[in-house]
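K.L.:
Please see the structure below; I have some questions.
Every number here is computed from the coordinates shown, using simple stated rules; none is lab data. No experiment lies behind these values; they were computed from the predicted model shown. Counting neighbours? That spans all protein chains shown, and the Cβs are built from the backbone with ideal geometry, glycine included.
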Amino acid sequence: MNQQLKIKKMMYGGDYNPEQWPEEIWQEDMKLLKEAHIDTLTLNVFSWAALQPSEEEYNFEKLDKIMKLVKENGFQVVLATSTGAHPAWMAKKYPDILRVEFDGRKRKFGGRHNSCPNSPTYRKYSVRLAKKLAERYKDYDNIVAWHISNEYGGECYCENCEKAFRVWLKEKYKTLDALNKAWNTRFWGHTFYEWDEIVLPDLRSEHFEYDRSQFQGITLDYKRFNSESILECYKQEYEAVKSVTPDIPVTTNLMGFFKMLDYKMWAKYMDFISWDNYPANEDSPAMIAMNHELMRGIKGGQPFILMEQTPSVTNWLPYNALKRPGVMRLWSYQAVAHGSDSVMFFQMRRSVGACEKLHGAVIDHAGTNETRVYREVRALGEELDRIGGLTLGAREEAKVALYFDWDNWWAVECSAGPSCELKYKDEILNYYEALHSRNIAVDLVGPEDDLDGYKMLIAPVLYMTKEGYDEKIRQFVKNGGTFVTTFFSGYVDESDRIIPGGYPGRLRDILGLWVEEEDALPSGTENSFTYNDVNYPARLLCDLSHPEGAEILSVYDSDFYARMPVLTVNPLEKGKAYYVATRSNREFYEIFLKNLCEEVGIEPVTEPQKDLEATERVNENGRFLFLLNHGEGELSVKLDQDGTEIIENQDYQAGDEILIRAKDVKIIRR
């Protein structure tokens, strides 16, 4: 599924909920939104209860008025199916629709994402509503996309899911003998003789706690099953709207590094990727950028849509800090720099009640165009109008691939050992952040992605080596590629069973070493090693390995494994494979990856400097160099070729110095 949006410029707008306000306010909203240069509204996200007041009754009167109003005022529409929260009457009449929590508690009506994905009731009525919406509004030529449900997520442990899990397992394993082997059920007397002996893994069965399982194979399969169950709900609504409006592309809003759902699998069934960017206060520019890279990467590097961000403040963080002046604009352009073809917000007007009444909006409770936030939104809208469609469809051209896999994420973090502090995403960020600081373009790839065209593949904590992926790595290295992996790699297969013959399993010949043991260091303790005449810390985990052809580049300084390898390189035909046996600090990753990039001829987009983020997107209109200043002081960048800054329409020549104020952005078309 790959149907692109039919748009002529970057979409600008976001979620609009006029049904929450008296109709006399609507016309004023139209005026204020047009003044802010907003052109796209996401409608009908949480209206299921209003649209379907009872089992057989549907009422589209208010939505008809809204759709007519926004069309008359020239807005494009992203039309949602409203199925992110079921009506109260449905929960009362059909309790099978309610989820069961990880601890076995049955939910009551309330909140959102409270629908069991395997509930026949939910699937019946959500699909019916989606089709009715498509049939009713199919002739509106301003609908640019369908928005299925909203921010899918969560898990369910009810009887519906348990029965469906057994069916899923039968389809996957065919026989109980195969299942027992995959799960190693001889351990702790778990052998299953009938399919209905299998129960869901939760606090009542297999878990010490949420992230620690006693039977990782069972938990891993449940997580796959849950992701696919929720995906099936999306797919059924997708087919419903497509059966009526086949030419309108369909999406649902994802959430970056969201652990519960395998977005790489989901991307196959989405016409285009859209996602909601809500950084925590402590997130670095690199962390925010890495989320964008993931959303671009799950669809093979295609541009995505930034469906939501706050124009000012979130409402659910422990401390809901304002976005400082210029930051909304900066982060909006950061999304564009990494692949977005839109700038969208939640929300257009602040709600008067419930948990999002203090979440930021374009139109505040004051209801005027005089707020700081409104003025910033309006100014950005003017700039996006000037840019128009110049950057639409543009792609980055990366030579570094960074491997990320949901199965690996789940398996690493539900493992009983080696360290409660080992977090897969943290290890990915260590490497991404070092490359980001060097302005090196990076693609996030998964096990199915082609490695042709890349010079370097980095796979931190490649704990699970999927069938055939070791051969893909092997051929990549033999053909001249540089491969980098780390501690806790090559341990298990897809079922989380240890690969016999010594760590790192199928990667052993590629890396030219054998890992005998792994030492977990408690927080606050560390070993050390020297690389390029500088001493660096060894933290979290320390592999104790023996070279089998690999060259030792650095060794541990202390403990009984002093002088054992920390960093090795193994030549393999035309390429090389590096092994980093411990976690270190940012300074190490930056110098290590700088050296590797220089060795293989990977150049930064522009010369790195503190607080400067630089990317380049390419389409038929040219090459667009994005320069973003995340710091508090002015930066100066020397241009290496002629170009035109497209926000201010100013020409520059090669060798010119371009000044970038604090929190400012320059986009050079060259």
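K.L.:
Quick one: order 64, 405 by neighbouring beta-carbon count within 10 Å, fewest to most.
P.N.:
Lowest count first: 64, 405.
K.L.:
How much net charge surrounds residue 55 when only other residues with a Cβ under 14 Å from its Cβ are counted (Lys, Arg +1; Asp, Glu -1)?
P.N.:
It works out to a net charge of +3.
K.L.:
Work out, step by step, the length gained on full extension between residue 452 and residue 640: first 0.36 nm times the residue separation, then minus their alpha carbon distance; give nm to one decimal.
P.N.:
Contour length minus Cα-Cα distance gives 64.9 nm.
K.L.:
I'd like the Karplus ³J(HN,Hα) series for the range 156-171: coefficients 6.51, -1.76, 1.60, θ = phi - 60°, whole numbers in Hz, and an x wherever there's a Gly or Pro.
P.N.:
For the range 156-171, the Karplus curve yields 9, 10, 8, 5, 3, 5, 4, 5, 5, 4, 5, 5, 4, 5, 4, 5 Hz.
K.L.:
So who's got an amide H within less than 5 Å of the one on residue 483, skipping anything under 5 residues away but keeping other chains? H placed 1.01 Å off N, in plane.
P.N.:
457, 576, 577, 578
K.L.:
What is the order of 409, 146, 195, fewest Cβ neighbours within 10 Å to most?
P.N.:
195, 409, 146
K.L.:
So which lysines can residue 666 reach, going by Cα to Cα under 23 Å and dropping same-chain residues fewer than 8 places off?
P.N.:
Partners found: 8, 9, 323, 610, 638.
K.L.:
How much FRET efficiency would the formula 1/(1 + (r/R0)^6) give for residue 175 and residue 471, where r is the Cβ-Cβ distance and R0 is 25 Å, rounded to 0.05?
P.N.:
According to the calculation, E is roughly 0.35.
K.L.:
A further question on this structure: Would you kindly derive the ³J(HN,Hα) couplings of the range 338-353 from the backbone phi angles with the Karplus curve 6.51 cos²θ - 1.76 cosθ + 1.60 (θ = phi - 60°), listing them in order in whole Hz, with x for Gly and Pro?
P.N.:
3J(HN,Hα) across the range 338-353, in whole Hz: 9, x, 7, 10, 7, 9, 10, 10, 10, 8, 6, 9, 5, 6, 8, x.
K.L.:
Using Cα positions and a limit of under 28 Å, work out the lysines in reach of residue 574, with same-chain residues fewer than 8 apart set aside.
P.N.:
Straight-line reach from residue 574, under 28 Å: 399, 455, 466, 472, 478, 594.
K.L.:
Just to check I understand the Karplus step: with θ = phi - 60° and J = 6.51 cos²θ - 1.76 cosθ + 1.60, what whole-Hz values come out for the range 577-586, glycine and proline as x?
P.N.:
Result, rounded to whole Hz: 10, 9, 10, 10, 8, 7, 8, 10, 10, 4.
K.L.:
Estimate the FRET efficiency between residue 603 and residue 548 by the formula 1/(1 + (r/R0)^6), using the beta-carbon distance for r and 22 Å for R0, to the nearest 0.05.
P.N.:
My answer for the efficiency is 0.05.
K.L.:
Can you give me the Cα centroid spacing of the range 82-107 and the range 360-386 in angstrom?
P.N.:
38
K.L.:
Give me the lysines in straight-line cross-link reach of residue 124: C-alpha distance below 19 Å, same-chain residues under 8 apart excluded.
P.N.:
Qualifying lysines at Cα under 19 Å: 92, 93, 132, 163, 235, 242.
K.L.:
Treat every Asp and Glu Cβ in the range 400-600 as -1 and every Lys and Arg Cβ as +1, leave all other atoms uncharged, and give the resulting dipole magnitude about the Cα centre to the nearest 20 debye.
P.N.:
Dipole size: approximately 360 debye.
K.L.:
Given +1 on the Cβ of Lys and Arg, -1 on the Cβ of Asp and Glu, and no further charges, what dipole in debye does the range 160-219 carry about its Cα centre, rounded to the nearest 20?
P.N.:
220
K.L.:
Counting other beta carbons within 10 Å of each Cβ, put 218, 25 in order, fewest first.
P.N.:
Least to most surrounded, the residues fall as 25, 218.
K.L.:
Which of the listed residues, 76, 182, 511, is farthest toward the dipole's positive end in the chain, when Lys, Arg count +1 and Asp, Glu count -1 at the beta-carbon?
P.N.:
So the residue we want is 76.
K.L.:
What is the local net charge at residue 645, summed over the other residues whose Cβ is closer than 9 Å to its Cβ (Lys, Arg +1; Asp, Glu -1)?
P.N.:
Within the 9 Å Cβ shell, the charges total 0.
K.L.:
Per 0.36 nm of contour for each residue apart, how much would the distance between residue 315 and residue 478 grow if the chain were fully extended, relative to their Cα-Cα spacing?
P.N.:
Residue separation times 0.36 nm, minus the Cα-Cα distance, leaves 53.6 nm.
K.L.:
Still on this structure, I have one more. Convex hull over the Cα atoms of the chain, averaged projected area in nm²?
P.N.:
30.2
K.L.:
To continue, here is another question. Given an 8 Å cut-off on Cα distances and at least 6 residues of separation, report the relative contact order of the range 400-600 as a percent.
P.N.:
Here the relative contact order equals 20 percent.
K.L.:
Let me ask you something else. What number comes out for the charge environment of residue 146, summing +1 per Lys or Arg and -1 per Asp or Glu over other residues with Cβ under 12 Å away?
P.N.:
Net local charge, residue 146 excluded: -1.
K.L.:
What Kirkwood Rh does the range 1-103 have if only Cα atoms enter the pairwise 1/r average? Answer in Å.
P.N.:
Result for the range 1-103 stands at 15.8 Å.
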